[in-house]
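Peer 1: Take a look at the following structure, please.
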Amino acid sequence: MSQATPDYPRGTVSTAQLLANWVGMNSTVSAQQISEWSGGLKAEIGENLSARNQGLFSNSELARCERNPRARLEKVAVYFRDPPLVQCAANAPDLDARFHKASLGQIYYLTNTRNAWHSTTIHQYSPRAFSIFRQTANERAEKQRTQGSSFHISEWPSLVLQSDEITLIGLEINADQQFARFSEVFDGEPVLSRVVRAYQSAPRNSVIWLRAEGNYKLPEPAFSGDQTGRRWRSVSQGSNYWLGWSETSGTRVAAGLADAQKRAAKSIRRSASGN
């Protein structure tokens, strides 16, 4: 591969095949790697796309996959159909994989509040409560609508650990300082199982690990530091109309999350250098 990867030719990029062809012509990654990467790619990816400038590919990621034929190209989530997120079991066998990238991401958390008897409310958490994009959360709320129900969507920062096989997304929903406890675990070897199992002793329903099949890069948080993420409450406009959404006070943001990400990234660099 040349020192500088050329941009995708200017013009309309309308199919996954065109993009797959571009990868094949401008790198030496294998056909299998390209095939695995292009699965789930949005066909309507856009016009006048510059593959490098838009962040769809990076020279370092192409080079990483050229060096290792078993590596899988990173999928920048915004260009792909929203992958299912499922809660990760601590004893999952594929957690022995090493993660090669640690970053901060952003996901959306959908809750359903249903009116009950005697002016009480019941808070319900769907098995598919989490999504990478807010639009997906909106659509799921529409499908779950029943008489007397209302919804909240919360914007949550998260820790993203990427391996070639799976992407783990961690968040601590009942803590002011996400990942502040046991933060030293991120100083060790960059292995998924070490991190997930270290948090098993955390209070129940506090630390949640979600997994997506594949190597995904999530959108970065739109907020940082002591700022708060946004939160929306559904507003019924009648059963024949889509839900409206009103922005309310934000969720808590954990300052410890950035420290966890820095520690994890440092452990990756240390492992790569053999120190």
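Nothing in this text is a laboratory measurement; each read-out follows from the coordinates by a stated rule. For clarity, every value in this text was computed on a predicted model and none was experimentally measured. Virtual Cβ from ideal backbone geometry, glycine too; neighbours counted across all protein chains shown.
Peer 1: Mind ordering 210-220, 89-99 by average Cβ neighbours within 10 Å, highest first?
Peer 2: Values: 210-220: 19.5, 89-99: 14.7.
Result, highest mean Cβ count within 10 Å first: 210-220, 89-99.
Peer 1: How would Y199, Y108 line up from fewest to most surrounding beta-carbon atoms within 10 angstrom?
Peer 2: Ranking Y199, Y108 by Cβ neighbours within 10 Å, fewest first, gives Y199, Y108.
Peer 1: Place a label point 7 angstrom from the Cα of R194 along the Cα-to-Cβ direction, then list the residues of segment 60-101 whose backbone nitrogen is under 13 Å away.
Peer 2: Only 96-100 fall inside the zone, counting backbone N under 13 Å.
Peer 1: I've got another one for you. So if R0 is 30 Å, what FRET efficiency would A89 and S249 give, r being the distance between their Cβ atoms, rounded to the nearest 0.05? Don't skip to the answer; put the middle values down first.
Peer 2: Numbers: r = 33 Å, r/R0 = 1.11.
Efficiency, from the Cβ-Cβ distance: 0.35.
Peer 1: Take peptides 158-168, 31-41 and line them up by average Cβ neighbours within 10 Å, highest first, as a rough protection proxy.
Peer 2: Numbers: 158-168: 24.0, 31-41: 15.9.
Peptide ranking by packing, descending: 158-168, 31-41.
Peer 1: For segment 63-111, count all C-alpha to C-alpha pairs, find those more than 17 Å apart, and express that count as a whole percent of the total. Show your work: numbers first, answer last.
Peer 2: On the way: 689 of 1176 pairs.
Result for the distance tail: 59 percent.
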